[in-house]
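Enquirer: Below is one structure. I have some questions about it.
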Amino acid sequence: MRHSILFGALMALATTATAADIRVMCYQDGIECDVTAELAKRFEAQNPGTKVILDVVPYKTIVEQLPVQLAAGQGPDIARVTDLGGLSKYYLDITPHVKDARYWEANFGATLPWLRPTAADKGIYGFMSQLTMTGPYINKTLFDQAKVPLPGPKATWDQWIDATRKVAKATQTPSAMAWDRSGHRFAGPAISNGARIFDAKGELVLDDGYKTTVAKFVGWNKDGTMLKEVWAGSGGSTYADSIGEFKNGRVVMVLSGSWQINRLQKDIGNAFDWVAVPNPCGPAACTGIPGGAAWVALKTAKSPKEAGMFLDFMAQEANYAEFAGRTNNIPAHAGLAKKGVNYPGATPGARAALGTFSAGVAELSPVAYQFQGYKYNRAIMLPTVTRVTQAIVGEMSVDEAMTKIAADMGDAVKQAQK
C-alpha cells in the first residue's frame with residue numbers, strides 16, 4: 001500500500017512538473033480572441049497538461065500598458081501586438097520550438113522581418129495573425145442619389161476629392177471626406193504623393209512629397225472638404241477613427257483600413273450600401289500601408305517551449321485558414337493567399353471589400369513595406385498628428401508644422417535609441 005501511495009505521489013509530482021500554463025494577451029477588432037479561444041481548446045486536447053489562459057483586453061492596454069509591463073520585466077508568454085518593430089527587443093525567438101522552420105519561411109517570409117530586432121537576425125519571433133491594409137470606403141448610396149459616377153481604379157486623390165465634394169453638396173452631407181486621426185493612415189497618401197520617408201542611409205526624412213500632403217490635408221480641413229472634428233476634435237497625438245462619422249452618414253468617403261470590415265458589416269447593416277475602393281493615386285504610387293496584428297512570443301514567458309508550440313499550432317495552414325475565414329481577415333500566409341480564403345460569415349458587401357483590399361496588396365509601394373517594418377516609425381507618425389492638427393486649427397502654418405514634425409521626429413528617434 002505504501003508503494004501505491006508513493007507511486008501516486010510521484011505521478012502527481014510528475015504531472016505538476018510537466019503541466020504548463022501559457023498566458024496570452026489578446027485584443028480583438030471583431031471576434032479574433034473568440035476564435036483563438038476555440039483553437040486553443042484543440043491545442044490543449046493535443047497537448048495534455050498544457051493550458052492556454054487567454055486574457056482579452058482593450059486595444060488601449062496593448063498600446064499603453066503592455067510596453068510598460070515588458071520594460072519592467074513582466075508580461076505574458078504571448079501577445080497580439082501592432083507596434084511590431086517598437087516592441088521587438090522584447091520578443092522571444094521560438095525557432096527551437098517549431099516543427100519546421102522552412103514552413104515558416106515559405107509562408108511568412110515576407111513579414112517575418114517585421115518582427116526581427118535587427119536586419120541581420122534570422123529568428124522566428126511570431127507571425128502576422130492577418131495582413132491589413134489602409135484604404136478608403138465610400139457611401140455608395142450617396143453616390144447613387146447624387147448621380148455622380150465613381151472615379152476609376154487609378155483615380156487620384158484630387159479626383160476623389162472633386163467627386164466626393166459633388167456628392168456631399170448634392171445630398172447635403174456635412175462633409176465630403178474624413179481620414180482616421182492617425183499618422184499611419186496619413187503615410188499612404190504621403191508616399192503616393194512622392195514622400196520617400198527614408199534617406200539613403202535608411203533614416204527618417206521629411207521631403208516635398210510629405211509637405212505636399214500636409215498642405216493639401218490642412219487645406220481640405222479648412223475649406224470644409226474634410227470633417228474637421230475628426231482631427232481637430234482631439235489634442236496631442238491621440239488616435240480617433242473616422243468610421244463612427246461614416247456609419248452615421250456624415251461623410252461620403254473615409255480613409256481607414258481593412259480591419260474595419262467586420263464593424264461596418266455589423267453596425268451599418270442595411271442602412272446604406274458601403275464599398276471599399278482602391279487606394280487613390282498620387283504621382284508616385286497608389287498605395288496604402290500594409291500592417292496588421294502579430295502573435296509574438298515574449299521574453300517574459302514562463303513557458304517558452306509551450307508558447308512556441310502554441311504559435312506553431314496557430315500558424316499551421318488549416319488553423320490559420322480557419323482564423324482568417326471566421327474573422328474576415330486578409331491572410332499573411334503566402335500559401336493561403338494563392339489558394340484564397342473562404343469567408344463563410346461575410347455578407348456579399350464584406351466579401352467584395354475583402355477582395356478589393358486583397359487586390360490592393362499588389363499595389364503596395366516598397367516604401368510602404370519599409371515604413372511598416374521600421375521600428376521607429378512612430379517617431380514620424382505621432383508628431384504628424386499633433387502638428388498637422390495645430391496647423392488645421394490655426395496655431396501654426398504648414399511650414400512651421402513641418403519644422404516641428406522634423407524636430408519632434410529627431411528627438412523621438414534619439415530617445416528610442418537610448
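The values are calculated or read from the model by the stated rules, or taken from the named source; none is laboratory data. It should be emphasised that the depicted structure is a prediction, and the values quoted were computed from it without experimental measurement. All Cβ positions, glycine included, derive from the backbone under ideal geometry; neighbour counts span all protein chains shown.
Enquirer: Somewhere in segment 360-379, is a residue free of Cβ contacts under 8 Å to residues at least 24 places away in the same chain and among the aliphatic types (A, V, I, L, M)?
Expert: So the first thing to find is which residues in segment 360-379 are free of Cβ contacts under 8 Å to residues at least 24 places away in the same chain, and the list is 362, 366.
Those left that are additionally among the aliphatic types (A, V, I, L, M): 362.
So far as segment 360-379 goes, yes, one or more of its residues are free of Cβ contacts under 8 Å to residues at least 24 places away in the same chain and among the aliphatic types (A, V, I, L, M).
Enquirer: What do you reckon, is T61 under 29 Å from N248 (Cα atoms), without any contact (Cβ under 8 Å) to a residue 40 or more places away in the chain and part of a helix (DSSP H, G or I)?
Expert: Values: under 29 Å from N248 (Cα atoms): yes; without any contact (Cβ under 8 Å) to a residue 40 or more places away in the chain: yes; part of a helix (DSSP H, G or I): yes.
It is true that T61 is under 29 Å from N248 (Cα atoms), without any contact (Cβ under 8 Å) to a residue 40 or more places away in the chain and part of a helix (DSSP H, G or I).
Enquirer: Please determine whether any residue of segment 27-43 is outside any helix (DSSP H, G or I) and at pLDDT 95 or above.
Expert: yes
Enquirer: Still on this structure, I have one more. Would you mind stating whether G335 is crowded, with 19+ Cβ neighbours inside 10 Å, of a type outside the set (A, V, I, L, M), touching a residue at least 60 places away in the same chain (Cβ under 8 Å) and part of a helix (DSSP H, G or I)? First the steps, then the outcome.
Expert: Details: crowded, with 19+ Cβ neighbours inside 10 Å: no; of a type outside the set (A, V, I, L, M): yes; touching a residue at least 60 places away in the same chain (Cβ under 8 Å): yes; part of a helix (DSSP H, G or I): yes.
The answer is no for G335.
Enquirer: Another question about this same structure. Hey, can you tell me all the residues within segment 104-128 that are of a type in the set (G, A, S) and either at pLDDT 95 or above or assigned to a strand (DSSP E or B) (or both)? Please lay out each step first, then the result.
Expert: Pass one, segment 104-128, residues of a type in the set (G, A, S): 106, 109-110, 119-120, 123, 126.
A106, G123, G126, listed by residue number.
Enquirer: Condition first: of a type in the set (A, V, I, L, M, F, W, C), in contact (Cβ under 8 Å) with a residue 12 or more places away in the chain and over 16 Å from I78 (Cβ atoms). Now tell me which residues in segment 109-134 satisfy that.
Expert: The initial filter retains those residues of segment 109-134 that are of a type in the set (A, V, I, L, M, F, W, C), namely 110, 112, 114-115, 119-120, 124, 127-128, 131, 133.
Okay, now just the ones that are also in contact (Cβ under 8 Å) with a residue 12 or more places away in the chain, so 110, 112, 114-115, 124, 127-128, 131, 133.
A110, L112, W114, L131, M133, listed by residue number.
Enquirer: Can you name every residue in segment 258-298 that is over 15 Å from M133 (Cβ atoms), polar (S, T, N, Q) and touching a helix residue (DSSP H, G or I) at 6+ places or on another chain (Cβ under 6 Å)?
Expert: The answer is Q265, and nothing else.
Enquirer: So which residues in segment 138-150 are surrounded by 18 or more Cβ atoms within 10 Å (Cβ to Cβ) and either assigned to a loop (DSSP other than H, G, I, E, B) or of a type in the set (S, T, N, Q) (or both)?
Expert: N139, V148
Enquirer: Shifting gears a bit: Does segment 287-307 include one or more residues that are crowded, with 16+ Cβ neighbours inside 10 Å, over 26 Å from A79 (Cα atoms) and touching a Lys or Arg at 6+ places or on another chain (Cβ under 8 Å)?
Expert: To start, the set of residues in segment 287-307 that are crowded, with 16+ Cβ neighbours inside 10 Å comprises 287-298, 300-301, 303-304, 306-307.
Of the ones still in play, those that are also over 26 Å from A79 (Cα atoms) are 287.
Restricting the remaining residues to those that are touching a Lys or Arg at 6+ places or on another chain (Cβ under 8 Å) gives none.
Within segment 287-307, not a single residue is crowded, with 16+ Cβ neighbours inside 10 Å, over 26 Å from A79 (Cα atoms) and touching a Lys or Arg at 6+ places or on another chain (Cβ under 8 Å).
Enquirer: May I ask you to verify whether A346 is assigned to a helix (DSSP H, G or I), of a type outside the set (S, T, N, Q) and either crowded, with 19+ Cβ neighbours inside 10 Å or on the phi < 0 side of the Ramachandran plot (or both)?
Expert: Values: assigned to a helix (DSSP H, G or I): no; of a type outside the set (S, T, N, Q): yes; either crowded, with 19+ Cβ neighbours inside 10 Å or on the phi < 0 side of the Ramachandran plot (or both): yes.
Spelling it out, it is not the case that A346 is assigned to a helix (DSSP H, G or I), of a type outside the set (S, T, N, Q) and either crowded, with 19+ Cβ neighbours inside 10 Å or on the phi < 0 side of the Ramachandran plot (or both).
Enquirer: Then there's this: Can you tell me which residue among W274, W259, W231 is buried (at least 20 other Cβ atoms within 10 Å of the Cβ), at pLDDT below 95 and in the same structural domain as A379 (by TED's automatic domain parsing)? Steps first, please.
Expert: Numbers: W274 fails: at pLDDT below 95; W231 fails: at pLDDT below 95.
W259 is the lone residue from the list that is buried (at least 20 other Cβ atoms within 10 Å of the Cβ), at pLDDT below 95 and in the same structural domain as A379 (by TED's automatic domain parsing).
Enquirer: Sticking with this one: Consider G235 carefully, then state whether it is touching a residue at least 24 places away in the same chain (Cβ under 8 Å), at positive phi and assigned to a loop (DSSP other than H, G, I, E, B). Spell out how you get there, then give the answer.
Expert: On the way: touching a residue at least 24 places away in the same chain (Cβ under 8 Å): yes; at positive phi: no; assigned to a loop (DSSP other than H, G, I, E, B): yes.
Judged against the criteria, G235 is not a match.
Enquirer: I'm told V35 meets every condition in (1) exposed (fewer than 14 other Cβ atoms within 10 Å of the Cβ); (2) under 24 Å from the mean Cα position of the chain (by Cα) except one. Can you identify the failing condition by its number?
Expert: Exception for V35: condition (1).
Enquirer: Could you tell me whether any residue of segment 159-175 is over 22 Å from I405 (Cα atoms) and under 19 Å from the mean Cα position of the chain (by Cα)?
Expert: Filtering segment 159-175 down to residues over 22 Å from I405 (Cα atoms) leaves 159-175.
Retained after the next criterion (residues that are under 19 Å from the mean Cα position of the chain (by Cα)): none.
Checked against the condition, which is being over 22 Å from I405 (Cα atoms) and under 19 Å from the mean Cα position of the chain (by Cα), segment 159-175 yields no hits at all.
Enquirer: Which residue out of G49, G30 is under 30 Å from S182 (Cα atoms), in contact with a helix residue (DSSP H, G or I) (Cβ under 8 Å, 6 or more places away or on another chain) and touching a residue at least 24 places away in the same chain (Cβ under 8 Å)?
Expert: Values: G49 fails: under 30 Å from S182 (Cα atoms).
Only one candidate qualifies: G30.
Enquirer: Have a look at V341, V367 and point out the one that is β-branched (V, I, T), assigned to a helix (DSSP H, G or I) and buried (at least 19 other Cβ atoms within 10 Å of the Cβ).
Expert: On the way: V341 fails: assigned to a helix (DSSP H, G or I).
Step by step, each of V341, V367 is checked, and only V367 is β-branched (V, I, T), assigned to a helix (DSSP H, G or I) and buried (at least 19 other Cβ atoms within 10 Å of the Cβ).
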